[in-house]
Amino acid sequence: MSAPATAAPGAPVVELDLEDLRRDPYPAYAELRRTAPLAWVPSVGRHLLTRHEDIVRAEKLPEVFSSREEGSLLLRTVGPNMLREDDPDHRRLRSAAEPPTRPRQVRDLWAGAFEKTAHDLLDGIAGRGEADLIADFAEPLAAANLALVLGLRTASAADVSDWSRAMMAANGNYADDPDVWLRAERATRAIEDAVAEAAEAARREPDGSVISSMVHAAAPVELSEIQNNVKVIIGGGVNEPRDVFGVGAWALLNRPEVLDRVLADPAAWKRVFEETARWVSPIGMYPRQLTEAYEIAGVTLPAGSRVALVIASGNRDESVFERAGEFDPDRPHRPHLAFGGGPHFCMGAWVARHEVSALAWPLIFSRLRGLRLAEHPDDRLDGWVFRGLTSLNVTWQAA
Ligand code: HEM
C-alpha cells in the first residue's frame, strides 16, 4: 500500500492553521461539514472526514479504512500494537487484553480500590479549601487506577503519569524534537522493565489484571506484544478520563441549574458523562489509511490515501445533535462517537465511565462543600487531536 501524502484527485483543499485548531477547532469543523465534508488539509497531511454519518460508514468498513497507518508516530514510539493493527492480529491482542475492563470485572475487581484511592486523594486536599482538580485529583486518580487494572504493582501513580506524558508527547512529535524522543525512550524502557516483572509475577500467580490476562491468553501473546500494548494503554488511559472529568465538572460549575438537577438525581451522572464526552471529545480525531479505492463524501479516494476520522466534529453534527454546541445532559439520546466505533471501540470505556461518573464527580460534589470555580486565567480548553482543560482551579469551604 503506497501512501500519497497529497490530496486525492477532486478532493477540496482547505488550509487550516494548527494554532487556531488548538485554541478552538469547532468553527472550522462546522464550515468543513457544511462545505467540504471530506477535505485535504495540508497542515495535517490527511483528508479530514467530518460528518457523523460518513465517520460511522468508515468505521463499519475496517477492511477498507485500515488502522495500519504507514509511518505513524505511535508505531515509532511504542512498536506494533492493537490500535494500529487490523484483524486477525488486532482481534488476537484485543481478546487477550480486554476481559479485565468489562463492566462486571470493573464492578467486582476494581471499583472498591478506585473508590479508596479517590477518597485518599480528597483526604489529602480537603483541608486546603482550594486545588487544581486536574493536577491534584483527576490525573493521579486515573493514573493509580490504570496501574491497578494493568497489573503494574510496583509503579506509582506519579510514574504512570510521567510515562503517559512522555508517550503522548512522542505521539505528537511532528516537529521531530530529539529531547521528546529521548524522554519517550526512557519511559518505554521503564515500562518494559515494569511489564516484564509484572508478567513474571502473573505467570506464577494470576491476578485478574490486563497483563495477567495477556500472559494466560488462549492464543499466545509474546512479552514484547504485552509491553507495546501496555505502552499504548498508558499513553491514552490517563488523559482521556482526566479530561472528561475536568470538562464535565467545569461545565456543571458554570451551569448551576443543570448541576442542581444532577445532584437531585444520581442516575443523571451517566448522562453527564456521555454528554461531556460528546460535547468536548477527549480524542478529537484518529487516522486511517485506505486499502483500496473508495468513494466517500463525494470524493473517490485512491488506495493508500490518508484519512483522519474527526470524531470531535461528528459529535457536533447538527443533523444528529440539535443545538450541538450546547452542553445539555438532558438531550435525547443519540449515539456519540467519543469512544470510536467498529473493532477498535475503546477498550477502557467502562473503566472510564465508572471512575468518572460513578466516583469522581459524585465525590467532589458531596465532599467539597460549596465547590466553586476560582476563575483562574490559566483554566482554558486546549487542543484538537486531544482536547481538555489545562487546569481546573476551584475553591470550597475547608472543613
Ligand atoms: C473517557 C475516556 C476515554 C475516551 C474518550 C477514549 C477514546 C478512545 C477512542 C476514540 C479509541 C479508538 C481509537 C481508534 O480507533 O483509533 C480508543 C481506543 C482504545 N482505548 Fe480508549 N478512551 C478512553 C479511556 C480509556 C481507558 C481508561 C483505557 C484503558 C483502561 C483505554 C484503552 C483503550 C484501548 C486499549 C484502545 C484500543 C482498542 C483497540 O484497538 O481495539 N481508553 N479509546
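What to note about this one:
- For Lys231, no lysines have a Cα closer than 19 Å to its Cα, not counting residues fewer than 8 places off in the same chain.
- Computed from backbone phi, the HN-Hα couplings of region 282-291 come to x, 9, x, 7, 8, x, 9, 9, 6, 8 Hz, rounded to whole numbers (Karplus: 6.51 cos²θ - 1.76 cosθ + 1.60, θ = phi - 60°; Gly and Pro given as x).
- Counting neighbouring beta carbons within 10 Å and listing from fewest to most, the residues Met214, Met168, Met285 come out as Met168, Met285, Met214.
- Under Stokes-Einstein, with the Kirkwood radius over Cα pairs as Rh, the value for region 286-347 at 10 °C and 1.306 mPa s is 116 µm²/s.
- Relative contact order for region 242-358: 28 percent, from Cα pairs under 8 Å spaced at least 6 residues apart, divided by residue count.
- Overall, the ratio between the Cα radius of gyration of the chain and 2.2 N^0.38 Å, rounded to two decimals, is 0.97.
- Contact order relative to length of the chain, as percent, for alpha carbon pairs under 8 angstrom and 6 or more apart: 26
- Within-12-Å neighbourhood charge of Glu240 [Cβ basis; K, R +1; D, E -1]: 0
- Charging the Cβ of each Asp and Glu at -1 and of each Lys and Arg at +1, and nothing else, the dipole of region 112-172 about its Cα centre rounds to 220 debye.
- Take every Cα pair under 8 Å whose residues are at least 6 apart in sequence, average their separation, divide by the length of region 66-180, and the relative contact order is 25 percent.
- Assigned charges on the beta-carbon of Lys, Arg, Asp, Glu; the chain dipole about Cα centre (debye): 700
- Kyte-Doolittle mean at least 1.0, axial Cα span of 15 Å or more - DSSP H helices of the chain: 139-150
- Separation between Cα centres of region 197-243 and region 320-386, rounded to whole Å: 26
- Using Cβ point charges alone (K and R +1, D and E -1), the dipole size of region 124-208 about the Cα centre works out to roughly 200 debye.
- Restricting region 323-381 to chymotrypsin sites (Phe, Trp or Tyr not before Pro) that sit in a DSSP loop and have at most 10 other Cβ atoms within 10 Å of their own Cβ leaves nothing.
- Given 16 as the ceiling on other Cβ atoms within 10 Å, longest exposed-site-free region of the chain for GluC sites (Glu not before Pro) in DSSP loops: 71-221
- Neighbours of Leu359, meaning other residues whose beta-carbon lies under 13 angstrom from its beta-carbon, give a summed charge of +2 when Lys and Arg score +1 and Asp and Glu score -1.
- Of all aspartates and glutamates in the structure, the ones whose alpha carbon falls short of 17 Å from that of Lys60, not counting any fewer than 8 places away in one chain, are Glu85, Asp86, Asp87, Glu292, Glu295.
Each value in this text was obtained by applying a stated rule to the coordinates, not by laboratory testing. Computed from a predicted structure; not experimentally measured. When we count neighbours, we look across all protein chains shown, and the Cβ atoms used for this are built from the backbone with ideal geometry, even at glycine.
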